[in-house]
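The values are calculated or read from the model by the stated rules, or taken from the named source; none is laboratory data. All figures in this text were calculated on a predicted structure; none of them were measured in a lab. Cβ placement follows ideal geometry from the backbone for every residue including glycine, while neighbour counts extend to all protein chains displayed.
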Amino acid sequence: MTNTNQFMRNIISLALLSVALGCGGAKIDESVGLAHGTNGSGVIAKDAAVQQGSSEASQISSEFSTEIGVGGIITYLASDELQGREAGSEGIELAAEYIEGIFESSGVKPYFKTYRDTLTNFEKPAYNVVGFIEGTDKALKNEFVIIGAHYDHIGSADPVSDDYIANGANDNASGTTAVLEFARYFGKFKNNKRSIIFALFSAEEKGLLGSKHLAAKLKEQNLNLYSMLNFEMVGVPLVGKDYFMYVTGYEESNLADVCNTYAEENLVGFLPTAKEYNLFKRSDNYPFHLEFGVPSQTFCTFDFTNFDHYHKVGDEVSIMDFDHMALLVNKTLPVLEDIINAPVREIEYR
């Protein structure tokens, strides 16, 4: 983790800029652009030379995300301004507007009439934020890959030194940040043969309500779902493992094997405690597993030993590892490309 004073000043400045600019599409484009090093015209400077096509896009996927970029996003999402992002609150409304702005500025269209998918199973107004990029292949575009994360948290927790805001940096501003980075990438290059739905869920902390609502809604529409790939608590690295991240429900499908083949490294492993605590059923992948019967699993780097602030006020952005998060995005992007562009369905239940 980078801890220099200059770096932290940069991150604080980015967070304040995001708040000051508001959440309209053009304004978010400016703030996210600054987070990723633009040339002042809204074009990402380090990526300017790769505008020519998807083959060149693949070449830079391994260095697309930066610590400044992920830091700018997660710092806003986990700021006190958002008051812990409890479903139905004013704070999560700000988060939803911010996500909408990034989608819009990245060329990610609404999947429904707007980006907002209003929950029908929660008493307060609450929204999933759902974006869409149509596939480029005439046949494969009728198949969908959902890339998701929950963007809500619990709002408040037992106070420590007068701090009561449960900012939820790792849980799950980190996963939300990763999904927004994936959306920026595919929105920029449009190199996806299958269609992609980017789903940021509300009310996960209330019992997976956002994902339950969306999974049932998409099932009613007869969506042809290939796989649902969820990202949860990816803000700090695993320690002492021979793999970079793990996937819940490891033994349920060949997803890890496929990912490792695509990555040409031991990227995704098996965490015994994930099976012990049945994490497969405890995140937003599970409703899609139930509704569609296709591989629907969660990627994670929280292993019960490397993070002590679950649902506590200590889950702050200051303890997130931005280098790790950028590396996770960059390692995962080529794998997502291969999953989305595979000529046949290679991920399947065992």
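Taking the stretch 285-330 as the range and being in contact with a His (Cβ under 8 Å, 6 or more places away or on another chain) and farther than 21 Å from PHE244 by Cα as the test, the residues that pass are ASP315, GLU316. Taken over the stretch 152-163, the criterion of being among the hydroxyl-bearing types (Ser, Thr, Tyr) and farther than 13 Å from GLU86 by Cα is satisfied by SER161 alone.
Of everything in the stretch 325-350 that is part of a helix (DSSP H, G or I) and not aliphatic (A, V, I, L, M), the residue that is surrounded by the most Cβ atoms within 10 Å (Cβ to Cβ) is THR332.
To keep it simple, each residue is scored yes or no on (1) at pLDDT below 95; (2) basic (Lys, Arg); (3) surrounded by fewer than 24 Cβ atoms within 10 Å (Cβ to Cβ); (4) in a strand (DSSP E or B).
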| site | (1), (2), (3), (4) |
| --- | --- |
| VAL129 | no, no, no, yes |
| ILE165 | no, no, yes, yes |
| ALA173 | no, no, no, no |
| THR176 | no, no, no, no |
| LEU180 | no, no, no, no |
| ALA183 | no, no, yes, no |
| LYS188 | no, yes, yes, no |
| ILE197 | no, no, yes, yes |
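The residues of the stretch 154-173 that are among the hydroxyl-bearing types (Ser, Thr, Tyr) and either within 7 Å of VAL313 (Cβ to Cβ) or over 24 Å from the mean Cα position of the chain (by Cα) (or both), listed by number, are SER161, TYR164. The set of residues in the stretch 275-297 that are more than 18 Å from ARG350 (Cα to Cα), within 21 Å of the chain's Cα centre (by Cα) and not polar (S, T, N, Q) comprises LEU279, ARG282, ASP284, PRO287. Is at least one residue of the stretch 92-103 crowded, with 18+ Cβ neighbours inside 10 Å, among the small types (Gly, Ala, Ser), under 23 Å from TYR310 (Cβ atoms) and touching a Ser or Thr at 6+ places or on another chain (Cβ under 7 Å)? No, that holds for no residue.
Looking at this structure, is ALA256 in a helix (DSSP H, G or I) and more than 18 Å from the chain's Cα centre (by Cα)? So ALA256 fits the description; yes. Only one of the listed residues (SER195, SER156) is among the small types (Gly, Ala, Ser), touching a strand residue (DSSP E or B) at 6+ places or on another chain (Cβ under 7 Å) and under 23 Å from GLU123 (Cβ atoms). That residue is SER156.
Within the stretch 72-97, the set of residues being touching a helix residue (DSSP H, G or I) at 6+ places or on another chain (Cβ under 6 Å), assigned to a helix (DSSP H, G or I) and under 20 Å from GLY155 (Cβ atoms) comprises ILE74, THR75, TYR76, LEU77, GLU81, LEU82, GLY91, LEU94, ALA95.
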